[in-house]
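Undergrad: Quick one: structure below, then a few questions.
Nothing in this text is a laboratory measurement; each read-out follows from the coordinates by a stated rule. Just so it is clear, the structure is predicted and the values come from calculations on it, not from any experiment. Backbone-built Cβ (ideal geometry, glycine too); neighbour counts: all protein chains shown.
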Amino acid sequence: MHIVFAASEGLPFVKTGGLADVVGALPQELAKLGHQVTVYVPRYRQVAKHVPEAPVLIASLTVPFDYYNRFARILDGGKRKGVRYLFVDCPELFDREEVYGPQGGEYADNGERFGLYCRAVLEASKQLGVPDVFHAHDWQAALIPVLLRSTYYFDPVLRRVPCVLTIHNMGYQGKFASGLMPRLLLPWNLFTMDKLEHYDQVNFLKGGIVYADAITTVSCKYAAEIATPEFGYELDTVLRRRNGELVGILNGVDYAEWDPATDRNIAAHYTERKLDGKAVCRRDLLHAFALENVAETTPVVGVVSRFVTQKGIDLIAQIADGLAKEEMVLVALGTGEPYYENLLREFAERYPQKVRVRIAYDNVLAHKIEAGADMFLMPSHYEPCGLNQIYSLKYGTVPVVRATGGLDDTVEEWNAELGTGTGFKFHGYNPEDLLAALQRAFALFQDKKSWQKLMRNGMAQEYSWKKPAQEYVGVYERVIRQRS
Ligand code: ADP
Ligand code: GLC
């Protein structure tokens, strides 16, 4: 079958978070299964830098707006590992410094940017290849199912094409003032509370949930959580109405990129059977953060994260003094909202011998942390799937996580009696439980034999894309059947 992926980011062209990892790997796995896959990504400045010479496939698509038309070009990003990549080019909307907005924020015209993107994907598909199914990701692509079932209803080419929506994060919904409706030429009859309207705003994700043929999210636990008021971010009732169509499919990870046996970014390679290289990676990591004279018995805690509310950065700040009393060092890498960046900066300034923070986006350093740290900390408030803890398992870097969403589905608490488990979990979103989980990890770290058992339990876990890709094919086949 032919599947069109619509997503606002994807490796190797542009990445701000885990969505890019998924859009980089899942299409290639589907191609391996014999399917034809086309991925549409906006041509941000980052994408243009990555592929400066992309041939023009469509010189001008007209996308009507209320005040004047906008025009998008479709550029050929080439074929990689069996997947075709196409770029939606509209320089006045996408040729900017940031992908979504400055300093972890949003550009004011994001509704127009991704409204145009969704229309362009539909129009381009009509000319370059009508798929058997659209697979839209997150709010930025969520207008695709809305358009298909409303303004494109009578299109003889697209009317029978179903659309699957994957929610990677309920915390980002694409909410805009109602004035966006006429600007995108969306009919007002869509602006009701059972469709696109939510508390007097246009809500892209809500529209997607209402109109998609099937909805998936990125772990089973998160699928259950988002149908509750605590995690549903006000869309839980809308989701519950479509509960029969909501499934959780746990993300895989790309072991071609994230495997200590082959990783190009780390100082030495190692495997479950031969762990020696990990000590070299640890030294290299400490050197990269200019931490000197750290004893071998001192555990290194790593963090790689977007510094935003979701990720529990405030909890780390709350245990700062307690944590600093422990025998440990902490290295953190990330960017995000200035408030959280400053919390971590202050923590590092207060305890310069023990805590180092790098405010940056740095893929090589992210790999070095996965390989060189002894533990990986993810105290997320919520976490739809989370990829770093799965990478950590493979790198023998023991995850310490809050038991939420995909973190709960992928990490099993260490059981000393049975020698089972892969990490440490805490449940309540409070500093005491977080500190207690870290202290359990610090204590076990001193027992080298048990610690290695725990590391190896994690390294033996298998989270490739094979099984999830097959599950997605099952969903595609079901919606195609239903619409034919
Ligand atoms: P989310 O998508 O919510 O940010 P995930 O755990 O799914 O969380 O994925 C985050 C991805 O982004 C991982 O691949 C991680 O290594 C990467 N990442 C996050 N922040 C940085 C950073 N500052 N530098 C390099 N990579 C980062
Ligand atoms: C989102 C989520 C993260 C998930 C990623 C990929 O950004 O926050 O938990 O792993 O999408 O699905």
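Undergrad: Relative contact order (percent) for the chain, with alpha-carbon contacts under 8 angstrom and 6 or more residues of separation?
TA: Computed over the chain, the figure is 13 percent.
Undergrad: Let me ask something additional. Taking the alpha-carbon centroid of each part, what is the distance from segment 290-316 to segment 223-250 in angstrom?
TA: 32
Undergrad: Given Cys90, Val39, Gly111, which one lies farthest toward the positive end of the charge dipole of segment 14-111, if we put +1 on the Cβ of every Lys and Arg and -1 on the Cβ of every Asp and Glu?
TA: Highest projection toward the positive end goes to Val39.
Undergrad: Got a sec to turn the phi values of segment 177-194 into Karplus ³J(HN,Hα) couplings, 6.51 cos²θ - 1.76 cosθ + 1.60 with θ = phi - 60°, whole Hz, x for Gly and Pro?
TA: Going residue by residue, I get 4, 4, x, 5, 4, x, 5, 8, 6, 8, x, 5, 5, 7, 8, 10, 5, 8 Hz, with x marking Gly and Pro.
Undergrad: Considering amide H positions built from the backbone, and no H for Pro or chain starts, which residues 5 or more places from Gly248, or on another chain, come under 5 Å of its amide H?
TA: Close amide H contacts, sequence-distant or interchain: Thr217.
Undergrad: With each run of n ≥ 4 DSSP H residues scored as -39500 (n - 2.57), what mean residue ellipticity at 222 nm is computed for the chain after dividing by its residue count and rounding to the nearest 500 deg cm²/dmol? Walk me through the intermediate numbers first.
TA: Details: 20 runs with 183 residues, N = 484.
Mean residue ellipticity at 222 nm (helix-derived): -10500 deg cm²/dmol.
Undergrad: Set Lys and Arg Cβ to +1 and Asp and Glu Cβ to -1, take the dipole of segment 1-127 about its Cα centre, and tell me which of His2, Ala120, Pro55 lies farthest positive.
TA: So the residue furthest toward the plus end is His2.
Undergrad: Provide the gained length on full extension for the span Ala59 to Gln446, in nm with one decimal, where the gain is 0.36 nm per separating residue minus the Cα-Cα distance.
TA: Working: separation 387, 0.36 × 387 = 139.32 nm, distance 6.33 nm.
Between Ala59 and Gln446, full extension yields 133.0 nm more.
Undergrad: A further question follows. If you count the DSSP beta bridges with both ends in the chain, what percent of them are antiparallel, to the nearest 5? Provide the component values of the computation, followed by the final result.
TA: Working: 19 of 68 bridges.
Of those bridges, close to 30 percent are antiparallel.
Undergrad: How large is ³J(HN,Hα), in whole Hz, for each residue of segment 252-260 in order, when computed from phi with the Karplus curve 6.51 cos²θ - 1.76 cosθ + 1.60 and θ = phi - 60°, using x for Gly and Pro?
TA: Here the 3J(HN,Hα) series is x, 10, 8, 6, 5, 9, 10, 8, x Hz.
Undergrad: Follow-up question, since we're still on this one. What is the distance in Å between the Cα centroid of segment 366-437 and that of segment 31-66?
TA: Cα centroid to Cα centroid, the span is 37 Å.
Undergrad: Apply 1/(1 + (r/R0)^6) to the Cβ-Cβ distance of Leu33 and Glu462, taking R0 = 25 Å, and write down the FRET efficiency to the nearest 0.05.
TA: 0.90
Undergrad: By how many nm would the segment from Tyr339 to Lys453 grow when fully extended, if each residue of separation counts as 0.36 nm and the alpha-carbon distance is taken off?
TA: Values: separation 114, 0.36 × 114 = 41.04 nm, distance 3.87 nm.
The span from Tyr339 to Lys453 would gain 37.2 nm if fully extended.
Undergrad: Show the residues, 5+ positions off or on another chain, whose built amide H is closer than 5 Å to the amide H of Phe5.
TA: Counting only residues 5 or more places away or on other chains, the set is Thr38, Val39, Tyr40, His135.
Undergrad: FRET efficiency for Val130 and Ala317, Cβ-Cβ distance as r, R0 = 51 Å, nearest 0.05?
TA: My answer for the efficiency is 0.50.
Undergrad: Counting DSSP beta bridges in segment 276-459, what percent are antiparallel, to the nearest 5?
TA: In segment 276-459, approximately 5 percent of DSSP beta bridges are antiparallel ones.
Undergrad: Go ahead and run the numbers for FRET between Ala279 and Glu346, Cβ-Cβ distance against an R0 of 30 Å, rounding to 0.05.
TA: Numbers: r = 32 Å, r/R0 = 1.05.
Step by step, r from the Cβ atoms, then E = 0.45.
Undergrad: Once you have the Cα-Cα distance between Thr228 and Gln103, take 0.36 nm times their residue separation minus that, and quote the gain in nm to one decimal.
TA: Working it through step by step, the gained length comes to 42.0 nm.
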